[in-house]
Every structure is written in C-alpha cells, then in structure tokens.
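Working notes for the structure below.
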Amino acid sequence: MHAVSGQPRYDAAGSFLGYRGVGRDITERRRAEVELAAAKERLQLALDSSGGILWDTDLQTGKVYLSEGWAEFLGLPRAPTVTTVEELVRGVHPEDVPGGLKISVEVMKGQRPDYSGEHRFRVADGSWKWLLSRGRVTERDAAGRALRMTGINLDVTARKLAEQARNEAEERYRALIELAPDGVVVSSGGIVEYANPAAMRLLRARSPREVLGRSMESFVHPAHVERYRERLGILSAGPVATGFEERRLRCLDGSEVEAEVASVSYLERGRLVMQTVVRDVTDQRRVREALAEREQRFRDVVEASGEYVWETDADWRYTYLSARVESVLGHMRTELLGRTPREFMPLGEARALDEWFERSRAEGLPFRDLVHRSITKSGRVIWQQVSGMPVRDAAGRLVGYRGTGADVTARKQAEERIQYLATRDALTGLPNRALLADRAGHAILAAARSRGMLAVLLIDLDRFKLVNDSLGHGAGDALLGAVAERLANTLRRDDTLARPGGDEFVLLWDGLKTAQDAALVARRVQDVLQRPFTIEGRTLNVTASIGVAIYPEDGRDFSELLKNAETALYDAKEGGRNGFRFFSPALHTRVVARLALESELRGALARGELQLRWQPVMGREGLVGAEVLVRWNHPQRGLLGPDAFIPAAEESGLIRAIGEWTLDRALSQVGAWQATLPGAPWFALNVSALELAQGDAYVARLREALDTHGVPAGRLELEVTERVLMSHLPESVETLRKIGALGVRLAIDDFGTGYSSLAYLRRLPIDKLKIDRGFLRELESSSGDAMIVETIAAMARGLGLHVAAEGVETEAQRRKLVAAGCEEWQGHLYSEPLEAAAFERLAQGERAARSA
C-alpha cells in the first residue's frame with residue numbers, strides 16, 4: 001500500500017498541465033493502525049462484557065477521562081465522560097473519601113504499586129452504588145512525579161449488596177441460634193468450638209469455659225458411646241447430614257438427660273466442621289412412656305372388651321355383624337341378623353332403650369358410648385357400650401346406623417370398684433370423709449324436714465401413737481381394722497361409722513329423741529372397746545375418748561357438727577381420756593386456748609423460752625440429789641410450771657423434742673458440776689411415754705449424751721410414771737433393763753396412783769419408788785393415807801428398793817414419812833425448785849456444813 005502527495009502544474013498562460021508529486025510505501029503503518037483499532041475494539045468489548053469503566057487521569061490538569069460505561073453507571077445515556085478529580089470526589093460518599101485519598105497519595109508517592117479501593121458513589125437518581133476502582137501511575141517525569149494514572153472501575157453494587165445480605169443473614173442466623181430453645185454445638189475433630197446458651201443450660205454449664213475445648217464424647221453416656229462413634233465416622237467421611245435420634249447425655253453436674261441429637265458436617269475454609277442440634281426430650285420421653293403405657297392399657301381394654309362392628313336398618317334391625325359379636329353375646333351371627341338389640345335386653349332396659357331409639361331415629365344424630373345391659377345366650381347379664389353414626393342414602397334419607405359395640409362389663413365393675421374406693425377407707429373399708437359428709441348431708445336434710453335430732457360422735461383411740469411407736473405401723477393398722485370391725489358389728493343398719501383418717505372414727509347416729517340417747521351410744525362404744533384385742537399375738541387394752549355434738553343445737557351442717565365434736569373430744573382427752581364429753585360453747589373457748597398454747601409451744605424451743613429448775617432432794621443426812629424440772633418462760637403469762645404445758649406437749653407429740661432438749665441441757669450442766677460438785681449429789685430426769693416407746697433409739701441417745709458431757713451414769717436417775725410404765729409393760733421392761741445396764745438408776749414416779757402388777761414390779765430393774773404427792777395432803781389427819789404410805793414403804797423394803805416422797809410441805813409430813821421408812825423427800829418444806837446457780841450455792845453450802 002502506498003501513500004501519494006502532489007501539486008498541480010500550470011503553463012505561463014495559467015493553463016493546467018497536470019500533477020507533480022512523490023509516493024511512499026505505507027503498508028506497515030496501515031497494518032499498525034488496523035491492529036490498534038482492533039485492540040481498542042477488543043478492549044471496549046472486554047470492558048462492556050465485564051462492566052468495566054476505563055478511566056485516565058491527567059494529574060497535572062486534574063482532568064479525568066472515563067469510558068462510555070461511566071455514564072451508564074450513573075444512570076445517564078451511554079457516552080464517554082470528561083470530568084475533573086474534584087467533581088468525582090464530590091460524588092464519593094463522605095465516609096469513603098479519606099480512605100480513597102490516602103491510598104491515592106501513597107500510590108502517587110510510590111509507597112504502594114497500585115491503587116485499589118471500594119467506595120460508594122452517588123448516581124443520577126440520588127442513590128448510592130458501589131465501585132471497585134483499580135489503577136496505577138502510568139507516567140512520571142524525570143523527577144519521579146506522577147503525571148498520569150490509568151485504571152478501571154467496576155460496578156460491584158450487586159456483590160456488595162449480596163455481601164450485606166449475607167452478613168445480615170449470618171447475623172440473623174447467629175441471633176436465632178443464640179435464642180433457639182434447642183441446643184446447638186459446633187465442633188471440629190470432635191472438640192467443642194461453640195455452644196449456644198440453650199446447649200449450656202442443657203449441659204448444666206455455668207460458663208462457656210466449662211464446655212469449649214472439651215471432647216464431644218465426654219458428654220455422651222457410656223451406653224451410647226459406640227453409637228456416637230459410628231455417627232461420627234459417617235459425618236467425618238464428608239459433608240453429610242444425619243436425622244434425629246435419641247441419646248442419653250451426661251451433664252457437667254453429673255445428672256443425665258435424654259436428648260434428640262441431629263448433626264450435619266460441612267467444609268468451612270478447608271476443614272470439616274460438625275454442627276449438632278441437641279433437644280432435651282427427657283420430659284417428652286417421660287410423657288411418651290406414660291402415653292405408651294396408657295395406649296397399651298387402652299389396647300388391652302379394647303381387646304378385653306370384645307369390640308365388634310354392627311349395622312342396622314332404620315328400624316334398628318341388625319343387617320350386619322362382625323364375627324366378634326359371637327364371643328360377646330354368645331349367639332351365632334345368623335341368629336342375630338334381622339333382630340333388634342332390645343330383644344337381647346332385660347325388660348326394664350328394653351323399655352328405656354326404645355324411647356332412646358325413637359328419639360335418635362327422629363333426630364338422626366350420631367351417638368357415642370351408649371351403655372346398656374344385654375343378656376347373653378347363656379343367660380348372663382353383661383354391660384355393652386355402643387357408638388354409632390347415621391347412614392343416609394343419596395337423597396339424604398336415614399336408612400340405618402353403623403357403629404361398634406363392646407362388652408364393658410369388666411369396666412363397669414371396675415368403675416363400681418373405683419367408686420367404692422373413692423368413698424371408702426382403704427384400711428378398714430368404712431366410709432371415708434367424703435361419703436360420711438354426703439350421708440350426713442342427707443341425714444341432716446331428713447332431720448330438718450322431720451324436726452328430728454341426730455348425733456355426731458368423734459371417737460379417738462387413746463395413746464394409739466404408742467402402739468405405732470413401740471409395735472410398729474403394721475400392728476397399728478391391724479388394731480384399727482379390729483376396732484372398726486368390732487364397732488361396725490354393734491351398729492344399726494341405718495347408722496354410719498366412718499374413718500376419716502388416723503386413729504379417729506366418726507359415728508353418725510340418726511333418730512335421737514333426747515341427748516341422753518347419745519350418752520347411751522357413747523357408753524356402748526366404750527363398753528365394746530373394753531374387751532382386750534389380740535394383735536400379732538399380743539394382748540392390747542384399748543380405750544377411747546369421745547366428743548359428741550347434737551343436731552340442731554350444736555350445728556346446722558356437718559362441718560360445724562364435726563368441728564364441735566372435735567372440740568368436745570379435746571375436752572375428753574384433757575379430762576383424763578377414756579371418757580366422753582358433749583359440746584358446749586364454753587368448751588370451744590377452752591379448746592381454742594389449748595390449740596393456741598400448742599402453737600406457741602412449738603416455737604418456745606426455737607425462741608429459747610424453756611428453762612430448767614433444780615429441786616433439792618433431802619435425805620436423813622442432808623442434800624442427796626435434785627430433780628430436774630422444766631419451766632416455760634411464756635412471753636405474756638410469765639413462768640409456767642409443767643402442769644400448764646406438758647399435757648399439751650404430750651398430746652401434740654412435742655414432748656419428744658422437749659425431752660431431748662431437757663436431757664442435753666441437764667447433762668451439760670451436770671457435766672460442768674463435775675468440777676464444783678464432784679461425786680454427789682445425783683440428778684433425776686422424767687421420761688415420757690413417747691421417749692420410752694423409742695426403745696433402743698432412746699437408749700442409744702442416752703448413752704451418747706452421757707459420753708458427750710462426761711457425766712458418770714451413776715449420777716443420773718430416770719423417773720418413769722407408773723401409768724407410762726404399765727401402758728406397754730413388756731416393751732418397757734426390756735427398755736428399762738438396757739437403761740439400767742448403762743449404770744443409770746431408775747425410779748417409778750407417782751407410785752400408788754396406777755395399776756401396778758406386783759409380779760412385774762419384782763422383775764423391773766428399778767431402784768426406787770416415789771410415793772405420789774396425793775397421799776401426803778392428808779397424811780397427818782387420814783389414817784387411810786398413812787396406812788398406804790406405810791404399806792408402800794414396807795413393800796419397797798421387801799423388794800430391796802429405796803422409798804422417796806415428793807410434795808412434802810410440813811415438818812409433820814416429813815416426820816411421818818421418816819417414821820414409815822421413807823429415805824428421801826422433796827418439796828417446799830426444804831426448798832422450791834432453784835435456778836442452776838442457786839442450787840450450786842446450796843449444794844456447796846451443804847457440803848461445807850458437813851465438813852465443819
């Protein structure tokens with residue numbers, strides 16, 4: 001290819017003659033131009049396909065050239081753009097400007113080779129788009145100053161929005177995981193890297209440090225370790241997910257939970273990560289097991305019920321019956337088809353069911369659980385439960401019924417049994433409180449209509465707790481059953497004897513004419529109980545205290561009558577038991593005060609209101625011992641003697657706690673006196689029936705208390721009343737022997753007021769008889785009391801026992817006691833009960849006087 005240039009030629013007259021010129025070969029230059037154009041076209045195509053925007057900046061003038069894509073990026077018609085650096089900077093988001101300028105300066109100074117940065121740019125509609133700008137210095141002067149920068153812009157708005165959406169999704173995912181009710185654990189290589197709060201709660205972790213870094217296997221119950229390792233192998237083979245399965249886990253506090261566990265493994269930055277969801281299903285499993293048990297019971301009942309399928313026409317004639325009906329009714333199906341259910345029912349049942357059938361047919365409604373009686377082929381009457389749905393033709397007319405039937409005789413019997421148990425005392429079979437209240441309500445309603453009377457007798461066995469404590473609850477239950485049987489056999493058919501609980505019985509006596517009739521009933525109950533009971537080979541004597549309330553004088557409803565009978569019962573017990581009392585308003589006031597006293601007494605120990613007093617015991621040569629007595633320093637009533645609160649303590653069971661407190665405090669003081677009052681005197685403590693009934697347990701506690709406080713057993717004397725001793729004599733003898741084996745002395749208190757057996761008295765390991773103070777009051781004037789005292793003293797000498805007396809108030813009493821052979825005495829004649837410090841001074845003074 002050539003390029004030609006020339007000039008025209010003219011003659012002298014100006015006429016055109018032709019051209020004169022030169023030519024040169026331009027083939028290479030044209031080839032280069034074509035290649036450059038092709039390269040530019042390819043660059044533009046590459047930019048267009050990638051979304052790239054070419055930019056070229058003259059750093060001396062600040063002018064910037066941008067390719068056609070820039071206008072399109074801004075939302076303008078596609079065309080090249082020439083602008084300035086200043087104008088471009090104004091379009092950049094203010095937050096992105098400082099970082100972009102900093103990088104540009106570093107590139108121009110040669111501190112970094114290339115420019116690369118992402119920033120937001122405001123486009124024509126006012127919104128922001130993201131640009132990825134890359135470039136480098138393409139021209140510098142001789143001094144190295146940057147003259148030109150060239151690069152490319154890429155629209156990365158879609159990527160940035162996707163990243164933002166992904167980050168937001170990750171944030172939402174993390175928030176959901178943190179708030180999820182199920183535990184989520186992330187691990188790698190079997191080591192925990194993350195656990196959400198629910199997982200920490202499930203594993204009983206108090207902080208993440210207790211979980212992170214631990215082996216996942218350490219939380220798996222040993223019984224499930226092999227299965228865990230199998231699943232771990234599957235998950236470790238590559239990205240895979242496993243379904244939920246139940247697994248038992250071991251928590252950090254040693255407890256165990258049942259959990260559903262599902263895992264998924266996936267690659268994360270080149271390593272295999274496992275995410276496990278853990279759901280506590282301990283309660284669900286318990287519910288499932290309970291439901292499974294109920295379902296099994298239901299299936300068993302259905303199977304036992306002999307359910308069958310039936311169909312009838314509109315007149316209730318059988319048109320279809322399944323084979324199971326033969327085992328229910330005993331008839332062949334062919335014998336039943338075409339006949340109605342009423343033909344196999346008792347007469348009265350059929351009449352009632354006819355009415356029901358007619359009503360159901362008229363209404364055309366489904367029914368469920370219709371229960372009726374049927375007669376089997378053998379003549380046995382059974383209960384059936386039938387459910388059915390109406391069957392209609394295409395026009396909607398009722399053409400019959402279809403349903404199921406089952407023999408529910410066993411269930412009906414069970415329901416009757418449940419009803420019986422719900423209204424009966426399980427031990428005695430007597431009506432319980434609910435049935436008693438129901439019968440009483442009917443009896444009160446009838447009495448109100450007839451203006452009649454009825455009595456509620458609340459019967460409580462005296463000292464029944466001793467039977468349980470000494471012989472065991474089995475013997476106690478046997479005694480309650482025997483009492484119930486004996487009382488029930490003496491009642492009329494219309495009377496109700498109930499056991500609301502414990503050792504109490506309630507007798508509802510209807511048809512009284514006068515209150516005296518109720519007294520006769522109470523005496524009859526006591527007479528019935530007079531005969532001894534033989535329980536587990538033992539003979540037991542039982543007495544009862546009875547409270548009586550009369551309708552309508554003592555209450556208008558059963559609740560009020562029972563409450564007032566209980567008030568009368570309390571009074572009967574306070575009166576010495578084995579008696580009965582009628583309710584009166586005065587009794588209510590007294591019983592309320594008694595209950596308040598018991599309530600206050602429960603807090604007396606905790607508040608430190610109980611105190612000890614020491615009453616000196618004198619002998620022929622002076623002070624020989626002291627009896628330890630308990631006093632209650634009542635906040636309002638002042639210092640109370642034992643008669644004011646010990647009966648309430650015995651009745652409420654608090655006497656055991658008071659006895660333990662007394663034993664510990666008394667021996668603690670006696671232990672302290674080992675240094676100041678060595679050797680003598682001795683000290684006496686009273687033992688209650690409840691304490692003695694503990695048997696070996698009381699002996700062990702006594703031994704422990706002596707050892708703890710360093711008190712020689714010979715310095716302690718235990719006093720047991722004649723009444724307590726004789727209430728359960730064989731057991732008491734055994735316990736007293738074990739106490740005597742410790743070296744502790746034993747005395748019978750209040751001797752002469754009970755019913756001691758001299759044969760047993762001879763066998764008891766006792767050291768002393770204490771004559772009851774009741775014989776001393778008229779000792780000076782009554783020859784009978786003097787004879788009793790002399791007889792007791794003579795009997796004691798014959799048995800080798802010491803004789804003591806309490807309540808000595810006068811010198812004349814003391815002289816008569818000494819003359820009769822009494823060796824020890826105590827009472828106000830010599831000293832009232834003293835505080836510990838006063839007694840110590842008295843004893844030291846006695847010792848000093850003897851030494852002088």
**OP:** Scan the range 184-238 for residues that are over 25 Å from Tyr173 (Cβ atoms) and among the aromatic types (Phe, Trp, Tyr) and jot them down.
**Re:** Tyr228
Original post:
For the range 467-491, how many residues are open to solvent by less than 20 Å² (accessible area, probe 1.4 Å) and either of a type in the set (Asp, Glu) or farther than 20 Å from Val506 by Cβ (or both)?
Top reply: 2
Original post:
Do any residues in the range 161-190 that are under 20 Å from Arg214 (Cβ atoms) and among the polar types (S, T, N, Q) have Cβ atoms under 9 Å from those of residues that are surrounded by 10 or more Cβ atoms within 10 Å (Cβ to Cβ) and at pLDDT below 80, where the two are at least six apart or on different chains, and which pairs are they?
Top reply: Ser188/Glu268
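From the list Asp643, Asp664, exactly one residue is modelled with pLDDT of 90 or more and either over 24 Å from Gly710 (Cβ atoms) or open to solvent by 30 Å² or more (accessible area, probe 1.4 Å) (or both). Which is it?
Details: Asp643 fails: modelled with pLDDT of 90 or more.
Of the residues listed, the single one that is modelled with pLDDT of 90 or more and either over 24 Å from Gly710 (Cβ atoms) or open to solvent by 30 Å² or more (accessible area, probe 1.4 Å) (or both) is Asp664.
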Subject >> Hits in the range 176-190 - residues which are surrounded by fewer than 14 Cβ atoms within 10 Å (Cβ to Cβ) and either among the β-branched types (Val, Ile, Thr) or assigned to a helix (DSSP H, G or I) (or both) >> reply: Leu176, Glu178, Leu179
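Among the residues of the range 697-711, which ones are among the polar types (S, T, N, Q) and open to solvent by less than 50 Å² (accessible area, probe 1.4 Å)?
Step one: list which residues in the range 697-711 are among the polar types (S, T, N, Q), which gives 708.
If the condition is that a residue be among the polar types (S, T, N, Q) and open to solvent by less than 50 Å² (accessible area, probe 1.4 Å), then no residue fits.
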Original post:
In this structure, does Tyr401 turn out to be without any contact (Cβ under 8 Å) to a residue 24 or more places away in the chain, among the aromatic types (Phe, Trp, Tyr) and either out of contact with any helix residue (DSSP H, G or I) (no Cβ under 8 Å at 6 or more places or on another chain) or open to solvent by less than 40 Å² (accessible area, probe 1.4 Å) (or both)?
Top reply: no
**OP:** Kindly indicate which of Glu846, Glu840, Glu811 is surrounded by fewer than 18 Cβ atoms within 10 Å (Cβ to Cβ), within 12 Å of Leu623 (Cα to Cα) and out of contact with any Lys or Arg (no Cβ under 9 Å at 6 or more places or on another chain).
**Re:** Glu840
**OP:** Go through (1) touching a helix residue (DSSP H, G or I) at 6+ places or on another chain (Cβ under 7 Å); (2) under 30 Å from Trp70 (Cα atoms) and name the single condition Ile152 misses.
**Re:** (1)
Original post:
Among the residues of the range 374-398, which ones are among the polar types (S, T, N, Q), open to solvent by less than 50 Å² (accessible area, probe 1.4 Å) and in contact (Cβ under 8 Å) with a residue 24 or more places away in the chain?
Top reply: Ser374, Thr376, Gln384, Gln385
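Would it be correct to say that Leu249 is at pLDDT below 85, open to solvent by less than 80 Å² (accessible area, probe 1.4 Å) and not acidic (Asp, Glu)?
Numbers: at pLDDT below 85: no; open to solvent by less than 80 Å² (accessible area, probe 1.4 Å): yes; not acidic (Asp, Glu): yes.
It is false that Leu249 is at pLDDT below 85, open to solvent by less than 80 Å² (accessible area, probe 1.4 Å) and not acidic (Asp, Glu).
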**OP:** Run Phe464 past the list (1) open to solvent by 10 Å² or more (accessible area, probe 1.4 Å); (2) at pLDDT 85 or above; (3) in contact with an Asp or Glu (Cβ under 8 Å, 6 or more places away or on another chain) and report the number of the one that doesn't hold.
**Re:** (2)
**OP:** Could you tell me whether the range 558-568 includes any residue that is at pLDDT below 85, of a type in the set (Ser, Thr, Tyr), closer than 24 Å to Ala443 by Cβ and surrounded by fewer than 22 Cβ atoms within 10 Å (Cβ to Cβ)?
**Re:** no
Original post:
Out of the residues in the range 277-292 that are of a type in the set (D, E, K, R) and part of a helix (DSSP H, G or I), which is nearest to Met200 (Cα to Cα)?
Top reply: Asp283
**OP:** Could you tell me which numbered condition Leu212 fails, if it satisfies all but one of (1) of a type outside the set (Val, Ile, Thr); (2) assigned to a helix (DSSP H, G or I); (3) in contact with a strand residue (DSSP E or B) (Cβ under 6 Å, 6 or more places away or on another chain)?
**Re:** (2)
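The values are calculated or read from the model by the stated rules, or taken from the named source; none is laboratory data. Bear in mind the structure is a predicted one, so any value in this text is a computation, not a measurement. A quick note on method: Cβ atoms are made from the backbone with ideal geometry, for glycine too, and the neighbour counts reach across all protein chains shown. To get the accessible areas, we keep the full protein, side chains included, count just its heavy atoms, and leave off ligands, DNA and RNA. Shrake-Rupley method; radii C 1.70, N 1.55, O 1.52, S 1.80 Å.
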